[in-house]
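Participant: So that we are looking at the same thing, I have put the structure below in structure tokens.
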Amino acid sequence: MAKAIEEYSVQETGQKIEQVLNENPEPIKEMNVIYQYDITDEDYSFQLHLADGTAKVSEGSPDKADCTIQMSFPDFKKMLLGKLNGTVAFMSGKLKIRGDIGKAIKIESVLRQYNVVDHL
């Protein structure tokens, strides 16, 4: 039986995002960007590399990110579930962005297309 998103660790969530994006590369085929997620309450960072229709998640921050997104793991899961809008999270201080804000808006809409949670 599949685990609910609440049962996933932050590492498992990153791996699942990579898997789901690579199963259907169409929405990311034109993207060439590195996103860094700093999960503040877990003291954990990972990068999501999107290039040539391929997604790759790596732990830490090995490369310079185009956009860094900082938020708690519970809020990150709420965003994946569609229960927390990125703009609302940003305006309420639950989400901080460094770098290209346009890219942050883009990744939220891309992840919504995948409905990652249905694959968890």
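The values are calculated or read from the model by the stated rules, or taken from the named source; none is laboratory data. Since this is a predicted model, take the numbers as computed values, not measurements. For the accessible areas, the whole protein counts, side chains as well, though only heavy atoms, and no ligand, DNA or RNA atoms are used. Shrake-Rupley method; radii C 1.70, N 1.55, O 1.52, S 1.80 Å.
Participant: Dividing the Cα radius of gyration by the Kirkwood radius, what Rg/Rh value follows for segment 1-64?
Facilitator: 1.00
Participant: Ranked by accessible surface with a 1.4 Å probe, highest first, in what order do 54, 13 come?
Facilitator: The residues order as 54, 13, largest area first.
Participant: Normalised by the empirical 2.2 N^0.38 Å for globular proteins, what value does the Cα Rg of the chain take?
Facilitator: Its radius of gyration relative to the 2.2 N^0.38 Å reference: 0.96.
Participant: Moving to a separate point now. Helix-only estimate, please: 222 nm mean residue ellipticity of the chain, summing -39500 (n - 2.57) across DSSP H runs of length 4 or more and dividing by its residues, to the nearest 500.
Facilitator: That comes out to -11000 deg cm²/dmol.
Participant: Using heavy-atom solvent-accessible surface (probe 1.4 Å) with all chains present, what is the largest-first order of 91, 79?
Facilitator: These residues rank, largest area first, as 91, 79.
Participant: Still on this structure, I have one more. Taking segment 29-78 on its own, what percent of its Cα-Cα pair distances exceed 12 Å?
Facilitator: That tail contains 61 percent of the Cα-Cα pairs.
Participant: Could I ask something else about it? Heavy-atom accessible area per residue, the chain, 1.4 Å probe: how many Å²?
Facilitator: Value returned for the chain: 55 Å² of accessible area per residue.
Participant: Now for a separate question. What figure in square angstrom, to the nearest 10, would you give for the accessible area of residue 112 with a 1.4 Å probe?
Facilitator: Residue 112 exposes around 120 Å² with every protein chain in place.
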